[in-house]
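Worksheet: the structure to be examined is printed underneath.
The values are calculated or read from the model by the stated rules, or taken from the named source; none is laboratory data. Note that the structure is predicted; figures quoted are calculated from it, not measured. Neighbour counts are summed over all protein chains in view; Cβ atoms, including those assigned to glycine, are modelled from backbone coordinates with ideal geometry. Just the protein is used for accessible areas: all its heavy atoms, side chains included, with ligands, DNA and RNA removed. Shrake-Rupley method; radii C 1.70, N 1.55, O 1.52, S 1.80 Å.
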Amino acid sequence: MSLLVVKNLRKSFDGLAAVADVSFELGAGEIVALIGPNGAGKSTLFNMLSGQLRPDGGHVGFTGSDITGLPPARIARLGIGRTFQTSGIFASMTVRENVQVAAIAGHRQAFRMDRPAVRFSEAVADALLHQIGLANVANTGAGALAYGDAKRLDLALALVNNPVLLLMDEPTAGMGLSERAALMALVRDTARARNTAILFTEHDMAAVFATADRVLVLDRGALIANGGPDAVRADARVKAVYLGEDV
Ligand code: ADP
Ligand code: MG
């Protein structure tokens with residue numbers, strides 16, 4: 001059974017189709033890139049999957065249940081996480097405290113800040129910070145982090161409640177090329193270790209092809225390719241969309 005089944009999903013703004021009749025599936029633990037030029041509809045598609053936007057039509061199935069149009073909090077609780085491009089970070093707290101708060105907030109008995117909960121969340125936070133290479137800045141104020149570390153903290157906050165699928169819309173925005181490759185390699189290794197499926201967008205093609213098991217290509221709202229990195233790279237329609245670029 002597929003983890004995620006997207007069927008004929010569509011969304012228009014002012015009569016213009018941002019996402020038009022898009023269908024695809026994701027398997028458990030699969031790492032998939034969603035690429036396409038600016039305005040292709042990538043963020044609109046992400047926002048429908050995470051519940052931020054209600055689709056005009058079509059269906060989203062997750063682990064066998066219909067989640068189409070559910071509110072974001074319910075979708076998150078079902079196991080679809082997303083990154084927030086550092087806006088979810090509390091600058092006045094330490095790195096560890098940020099992860100602890102996210103861990104406690106994700107639990108059903110939300111915001112029980114009693115001592116067992118805090119101790120449990122501290123252990124969870126430290127294990128995760130170790131896994132993503134932030135153990136050495138656990139006691140640093142999150143507001144003082146270098147940009148690349150803030151992006152990694154964003155990843156930790158998204159992973160702490162063990163999503164089955166993690167949506168990452170431009171996780172490397174604002175980073176240099178080598179930093180991008182390093183962050184995406186970390187995402188890939190961490191996802192593999194936890195069997196977390198990832199759907200991500202990324203502009204740098206080298207990072208896309210080094211990270212993704214499979215690549216989906218959107219062009220003006222339509223899915224024009226869906227396949228392995230080599231097949232997508234060789235696809236004539238994809239080449240036409242990326243004319244002049246080194247795909
Ligand atoms: P991408 O993420 O691939 O760059 P988007 O999903 O952000 O593309 O945008 C797809 C299209 O939908 C664009 O033409 C964009 O202008 C339009 N669009 C996106 N969000 C809105 C909105 N909230 N209101 C009106 N138009 C929107
Ligand atoms: Mg976008």
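Tell me yes or no: at least one residue of segment 163-182 is among the polar types (S, T, N, Q), out of contact with any Lys or Arg (no Cβ under 9 Å at 6 or more places or on another chain) and touching a residue at least 60 places away in the same chain (Cβ under 8 Å).
Taking every residue of segment 163-182 in turn, none turns out to be among the polar types (S, T, N, Q), out of contact with any Lys or Arg (no Cβ under 9 Å at 6 or more places or on another chain) and touching a residue at least 60 places away in the same chain (Cβ under 8 Å).
Go through segment 48-85 residue by residue and tally those that are within 16 Å of ligand 2 (Cβ to nearest atom), within 11 Å of L9 (Cβ to Cβ) and either open to solvent by 10 Å² or more (accessible area, probe 1.4 Å) or in contact with a Phe, Trp or Tyr (Cβ under 6 Å, 6 or more places away or on another chain) (or both).
1
Of all the residues that make up segment 134-162, how many are in contact with a Lys or Arg (Cβ under 7 Å, 6 or more places away or on another chain), of a type in the set (G, A, S) and either within 16 Å of ligand 1 (Cβ to nearest atom) or at pLDDT 95 or above (or both)?
Number of matching residues: 1.
Let me spell it out: the conditions are (1) in contact (Cβ under 8 Å) with a residue 40 or more places away in the chain; (2) within 7 Å of ligand 1 (Cβ to nearest atom); (3) open to solvent by 50 Å² or more (accessible area, probe 1.4 Å), and G41 meets all of them except one. Which number is the exception?
G41 satisfies all of (1) in contact (Cβ under 8 Å) with a residue 40 or more places away in the chain; (2) within 7 Å of ligand 1 (Cβ to nearest atom); (3) open to solvent by 50 Å² or more (accessible area, probe 1.4 Å) except (3).
Has segment 18-38 got any residue that is over 21 Å from V232 (Cα atoms), within 16 Å of ligand 2 (Cβ to nearest atom) and either assigned to a helix (DSSP H, G or I) or at pLDDT 95 or above (or both)?
yes
Could you go through segment 136-150 and let me know if any residue there is part of a loop (DSSP other than H, G, I, E, B) and either within 16 Å of ligand 2 (Cβ to nearest atom) or in contact (Cβ under 8 Å) with a residue 60 or more places away in the chain (or both).
No, because not a single residue in segment 136-150 is part of a loop (DSSP other than H, G, I, E, B) and either within 16 Å of ligand 2 (Cβ to nearest atom) or in contact (Cβ under 8 Å) with a residue 60 or more places away in the chain (or both).
Residue check, V101 against (1) at pLDDT 95 or above; (2) away from ligand 1 (no atom under 12 Å from the Cβ); (3) not in a loop (DSSP other than H, G, I, E, B), all met but one. Which one?
(1)
Can you tell me which residue within segment 1-17, out of those that are modelled with pLDDT of 95 or more and open to solvent by less than 60 Å² (accessible area, probe 1.4 Å), is farthest from ligand 1 (Cβ to nearest atom)?
Restricting to residues being modelled with pLDDT of 95 or more and open to solvent by less than 60 Å² (accessible area, probe 1.4 Å), the top hit is L3.
Under 8 Å between Cβ atoms, at least 6 apart or on separate chains: pull out the pairs that start in segment 186-199 with a residue that is of a type in the set (S, T, Y) and end on any residue that is assigned to a helix (DSSP H, G or I).
Correct list of pairs: T190/Q131; T190/L155; T190/L159; T196/L159; T196/T190.
Is it the case, given these coordinates, that Q131 is more than 30 Å from T44 (Cα to Cα) and in contact (Cβ under 8 Å) with a residue 60 or more places away in the chain?
Answer is yes for this residue.
With the checklist (1) outside any strand (DSSP E or B); (2) within 16 Å of ligand 2 (Cβ to nearest atom); (3) in contact with a strand residue (DSSP E or B) (Cβ under 7 Å, 6 or more places away or on another chain); (4) not polar (S, T, N, Q) in hand, flag the one item K11 doesn't pass.
(1) is the only condition that K11 fails.
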